[in-house]
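For reference, the structure is listed below as structure tokens.
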Amino acid sequence: MGKIKKIGVLTSGGDAPGMNAAIRAVVRTAIYHGLEVMGIRQGYAGLINADFIPLVSSSVSDIIQRGGTILKTARCEEFRTPEGRQKAYENLKAAQIDGVVVIGGDGSFTGARLFNEEYDIPFVGVPGTIDNDIYGTDYTIGYDTALNTVVQAVDKIRDTASAHDRMFFIEVMGAEAGFIALFSGIATGAEAIIIPEVKGEERDLKKILFDGNKRKKSSNLIIVAEGDEEGGAFAWAEKFKNEYPDINIRVTVLGHLQRGGSPTAIDRVNASRLGSAAVEALLDDQKSVMVGLQNDEIVLVPFSKAIKLHKDVNRDLLTLVRILSI
Ligand code: ATP
């Protein structure tokens, strides 16, 4: 203890509701422990351009309920290069910043890990991404809010699907992971879900929807994760239309509305806990680690694991979708 006097905080990668609650927790916990805090704007681009602003307790007033991120976020190619990271180091040194909290996804943690292999200013990560696809934490900040946004939207689509006896293919976010699709599918009583983690027979829609003694339903909702290898909702709908020209098929892509909005209570609480824990990890001389939540406990997970290991969906939940949609 005692080495760290001033810390920086940044948000990086895709924005997620609850990032502001995490920033607030970082700032207030740091001040509580007698530290100074600098906000770094636009993610790693702000490190390279020395876009720093001092943050005090009142700087983070009235933001816990707001979506987006007051520090802005960005994708930054230059941080992928040794020269870019060197500039970042020089700027941090010049500003006398002794440690950095990075709120972002696995790309952001990859950059942070590389930086910590090269330089002695510790970086600690807070998982912030709506996809929930980070190994080592049960939940990422933003996931619960995005999920609830999807559920509200799908419920509305169910009303019109049912009124017109239509089949809807609904595309949700999840570039490489099907958490949003799977959980929203269960929560809305979807007839089927298509996610990258499901292969072979389990994605045979004809069988899932029409086989054997299946009840003929008036409406069918199929939730498709955007990252699916066979294409998104439009590609699936096209295939289906060709085979079943009599079915009334529609497509909805929910898109960016899934990223916005006021964070749910769960996201605010998780963000508050994780942001605060990240500052305490820096004070405990930790580096190159992510703070996570496992079974409602705060844990520290090395970046190396959080980045490399794959977080799988719960296979029992896939079976549940099948059972409950008979
Ligand atoms: P999301 O999951 O929401 O997309 P993310 O953190 O994974 O968030 P990325 O765009 O993958 O988002 O990464 C954010 C930033 O992290 C990149 O713009 C880049 O600056 C840095 N970064 C990503 N990968 C690397 C890498 N291999 N080396 C150095 N920096 C990296």
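Surface composition of region 144-260: carbon plus sulfur atoms contribute 49% of the solvent-accessible area (1.4 Å probe, protein chains only, all chains present).
Once neighbouring chains are kept in place and the probe is 1.4 Å, which whole percent of the accessible area of region 265-326 is contributed by carbon and sulfur? Kindly include the intermediate steps, with their values, before the conclusion.
Working: 1760 of 3270 Å².
Using a 1.4 Å probe with all protein chains present, region 265-326 comes out at 54 percent carbon and sulfur.
Amide H to amide H distances under 5 Å link GLU36 with LYS6, ILE7, where only residues 5 or more positions off or on other chains count and H is placed in the peptide plane.
For TYR139, the solvent-accessible surface computed with a 1.4 Å probe is close to 100 Å², ligands and nucleic acids excluded.
Relative to the longest principal axis of the Cα atoms of the chain, the long axis of helix 315-324 lies at roughly 30 degrees. Helix 106-118 axis versus longest C-alpha principal axis of the chain: approximately 30°, rounded to the nearest ten. For region 169-264, the set of trypsin sites (Lys or Arg not before Pro) satisfying both a DSSP loop assignment and a count of at most 12 other C-beta atoms within 10 Å is given as LYS199, ARG215, LYS216.
Using the Cα atoms of the chain to build a convex hull, what is its mean projected area in square nanometres? Averaging across all directions leaves 16.8 nm² for the Cα convex hull. Heavy-atom surface analysis with a 1.4 Å probe gives region 16-74 a carbon and sulfur content of 49 percent of its accessible area.
A simple count of charges around ILE130, restricted to other residues whose Cβ falls under 11 Å of its Cβ and scoring Lys, Arg +1 and Asp, Glu -1, yields -4.
Taking 27 Å as the straight-line reach from the Cα of LYS5, the lysines in range (excluding those fewer than 8 positions away in the same chain) are LYS72, LYS87, LYS93, LYS287.
Measuring with a 1.4 Å probe in the full set of protein chains, what accessible area per residue, in whole Å², belongs to the chain? Spell out each step's value before the answer.
Numbers: 14360 Å² over 326 residues.
Each residue of the chain exposes 44 Å² on average to a 1.4 Å probe.
By the rule of a C-alpha distance below 27 Å, with chain neighbours fewer than 8 residues away ignored, the lysines paired with LYS206 are LYS156, LYS214, LYS216, LYS217, LYS239, LYS241.
The values are calculated or read from the model by the stated rules, or taken from the named source; none is laboratory data. In this text, all values refer to a predicted model and were calculated from it rather than measured experimentally. Note that each Cβ is placed from the backbone with ideal geometry, even for glycine, and that neighbours are counted across all protein chains shown. Areas reflect the complete protein model, heavy atoms only, side chains present, ligands, DNA and RNA absent. Shrake-Rupley method; radii C 1.70, N 1.55, O 1.52, S 1.80 Å.
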